[in-house]
Amino acid sequence: MLRPVTPVLPAEVRTPRLWLRRPDPADAPALVSAVNASLPELRPWMHWAQAPQTLEGALENLRAAAERFESRETLRYHIWNPAGTELLGSSGFHALDWRVPKGEIGYWVATAHTGQGYAEEVARALTALALGGLGFRRLEIRCDPANSRSARIPAALGYRLDAQLVNDDVCPAEPGRLRDTLVFSRVQ
């Protein structure tokens, strides 16, 4: 019989090159800067990245993210350089179902820091956390098939392609067009 878990959630995770920590409203200026500088690259893939972020909007978003982290509804981590002086992106677990337990890893890296393997490093660390200490039985990474850079990451981490969901979502940058979704998974 499967029982819901109540794992201890780390407020931070360290990788060889990165510091992941839960969101804090104090991150708002850094978040606004990273998101707004990266909008051209984020717009095709992310619904939330269609307009510039404001400081007020970021503060509201971060307060809600901190509450969802505490309630275990969504576990978002901001990606920082090791000294914590520069925000490089964001990642974490969403679509959580603690009854199974299962979830989905999402990630984005600020344009100035792409191409350095950070998204893969973060996804590797979060995969180890989810399948290890958090006891997940299923972990997914989903992306648009046209986002080839993102789709390479789950394959590199031993995820299996479960499905290509046809006409699964509205294209963020072109709301009149539908897009497919690739679903990759690791199970135990």
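Before moving on, here are some points about what is shown:
- The residues of region 1-88 expose, per residue, 57 Å² of accessible area to a 1.4 Å probe.
- For the pair Ala83 and Asp97, the difference between a 0.36 nm per residue extended length and the Cα-Cα distance amounts to 1.7 nm.
- Rolling a 1.4 Å probe over the heavy atoms of the protein chains gives region 120-188 an accessible area of 49 Å² per residue.
- Amide N proximity, region 57-95 versus Arg149 label position 7 Å along Cα-to-Cβ, cut-off under 18 Å: 79-81, 87-92
- The accessible area of His47, taken with all protein chains in place and a 1.4 Å probe, comes to roughly 100 Å².
- Taking 0.36 nm per residue of separation and subtracting the Cα-Cα distance, full extension of the segment from Leu39 to Ala66 would add 7.4 nm.
- Between the alpha-carbon centres of region 16-65 and region 117-147 there is a gap of 20 Å.
- Surface share of carbon and sulfur [accessible, 1.4 angstrom probe, percent] for the chain: 54 percent
- If the chain linking His47 and Val187 were pulled fully straight, counting 0.36 nm for each residue of separation and taking away their Cα-Cα distance, it would gain 47.6 nm.
- Secondary-structure-derived ellipticity at 222 nm for the chain, considering helices only, amounts to -9000 deg cm²/dmol, per-run term -39500 (n - 2.57) for DSSP H runs with n ≥ 4.
The values are calculated or read from the model by the stated rules, or taken from the named source; none is laboratory data. Since this is a predicted model, take the numbers as computed values, not measurements. Quick reminder, even Gly has a Cβ in these numbers, built from the backbone with ideal geometry, and neighbours come from all protein chains shown. Side chains are part of the model used for accessible areas, which takes the heavy atoms of the whole protein and leaves out ligands, DNA and RNA. Shrake-Rupley method; radii C 1.70, N 1.55, O 1.52, S 1.80 Å.
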